[in-house]
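Note sheet for the following structure.
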Amino acid sequence: MGNTKIRRLAAVTAALCLMTTAAGCGAQTSEPAGSDTPSQQQSEPAGETQIFTENITGTADGYDYELWKDEGTTEFRVEPGGGTFSCEWSEINNALFRRGQKFDCTKTYPEMGNISVDYGVDYQPDGNSYMCVYGWTREPLIEYYIVESWGSWRPPGAPFSIGTVTVDGATYDIYKTTRYEQPSIDDIQTFDQYWSVRQVKPQGDGTKLEGTISVSKHFDAWKKCGLELGKMYEVALTIEGYQSQGKATVYKNDLHIDGTYKEADDIEVTVDEEAIKKLEEAEANHDDSPSEAGFFETSFESGAEGWIPRGGSLVTVDKEHAAEGSQSLFVSGRTDNWNGATVMLDSAVYQPGECYHFKAQVMQESGAEVQMKMTLQYNMDGEKYDEIALAQAPSGEWITLENLAYMIPEGAENLQLYVESPDSLTDFYVDTVSGAERAD
């Protein structure tokens, strides 16, 4: 989430999970998405509180539980007597605490019955966090969120919703986002994320929130917006924190899967056909599985050429503005400063500890001078970000971001080069980008 949504995000994103053989699909197992450390797995009898500070999956009292983090301080207390738990986090990059059910990916949600969660949560985030129902499906591979409340940042950072659903006494915006070549329950993949996000945070008794999330009804609403889920892998009440601190006590978490499924007739769904068309047009501008770039010089004369959105932005080819030639890359719909455009770098070409020459021409037309920045995102005990070049950009003028000898940090993996505007939400254009051997 937050600065990785990308999520992730991702985003966020990503914006993120680990699975076990017994609870996972078929005979496949995997470790926490984005984690280098194998998790422990265990099954405990009911009757006593279990306390975990590192990545863990397990089952107790008929509920699966899981703590996943990439770094930082966490405490996860799995309480006896059902699906309850408490958690606390600080100095983390990203952490998820969840408890619910994992399935074998043999049934779609209508084949399972009616799914809902009755919750009671004392939720005290300090910074970027979600309180939500979270999970995955396979065939297709989908990561989904039904966000009931959040901290300082409302997810998912997309520029527009594609519909709304009114259910359980509240109205939620519906979003679709995409994670490109990011960790998933099936290793590194490109996959879509589906979202329902309450328009207004629920009000409770101080920090205590109580209510019902009719999970199947959200799934029905997504289907009306063209968002099809696959076979169910997980449904879990989840607390997520991103580069923040906070705590939560889940004192009620009753997951219900019962009855014979019937499509919801007591929800109100609006579908924004124009927004769906706009999203489809933006998705058509880039490859669903962008390749990693070696040494390159990109002018965007033949399209997006491997560049994809970072965060909720839209990335399209523009024929009206260009620093050179006739086209550039247009980045629009930014809802947070870290949103921008990114390209993946081939780690066989760009070696940690070595220096390289990176250059890009950028322009913005906000009417004021803003900062433009070229950044490297990489993995090393979680996601990291390193400045390559920073410059002031007057409105309406092409400027150059350049570093003649930028050194890739030692130990860096999963390299992504991106352009952002760290002090504004302005749209901007990118042209004539290159990555080469260091300049003399």
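What follows draws every value from the coordinates through simple rules; no lab data is involved. What you see is a predicted model; the values in this text were computed from it and never measured. Cβ placement follows ideal geometry from the backbone for every residue including glycine, while neighbour counts extend to all protein chains displayed.
Neighbour counting of Cβ atoms within 10 Å sorts the residues 295, 219, fewest neighbours leading, into 295, 219. For the range 262-399, averaging the sequence separation of C-alpha pairs within contact (under 8 Å, six or more residues apart) and dividing by the residue count gives a relative contact order of 17 percent. Applying 0.36 nm per residue to the separation of residue 277 and residue 50 and subtracting their alpha-carbon distance, the gain on full extension is 76.9 nm. With a Förster radius of 35 Å applied to the C-beta separation of residue 438 and residue 321, the computed FRET efficiency comes to 0.70.
Seen from residue 373, the other residues with C-beta closer than 10 Å to its C-beta sum to a net charge of -3, counting Lys and Arg as +1 and Asp and Glu as -1. Just report the Cα centroid separation between the range 223-244 and the range 121-158, whole Å. What the calculation gives is 8 Å, centre to centre.
Using the Cβ-Cβ distance between residue 405 and residue 268 with R0 set to 60 Å, the FRET efficiency from 1/(1 + (r/R0)^6) comes to roughly 0.55. Stretched out straight at 0.36 nm per residue, the stretch from residue 106 to residue 423 would grow longer than its current Cα-Cα span by 109.4 nm.
Could you pull out the pairs from 208/262; 208/247; 176/223; 224/278; 201/247 whose alpha carbons sit more than 20 Å apart here? Table pairs above 20 Å Cα-Cα are 208/262.
Ordered by the count of other Cβ atoms within 10 Å of each Cβ, fewest first, 171, 316 give 171, 316. In order along the range 198-210, phi translates into HN-Hα couplings of 4, 5, 10, 4, x, 9, x, 8, x, 8, 8, 10, 9 Hz, rounded to whole numbers, per the Karplus curve 6.51 cos²θ - 1.76 cosθ + 1.60 with θ = phi - 60° and x for Gly and Pro.
Remark: 90, 196, 395 ranked as 395, 90, 196, counting other beta-carbon atoms within 10 Å and listing the fewest first. The relative contact order of the range 49-137, computed from alpha carbon pairs under 8 Å that lie at least 6 residues apart in sequence, is 22 percent.
Within 14 Å, Cβ to Cβ, of residue 275, how many net charges do the neighbouring residues add up to if Lys/Arg are +1 and Asp/Glu are -1?
-3
Working from Cα pairs under 8 Å separated by at least six residues, relative contact order for the range 180-286 is 20 percent.
Between residue 351 and residue 366, full extension at 0.36 nm per residue minus the direct alpha carbon distance yields a gain of 1.7 nm.
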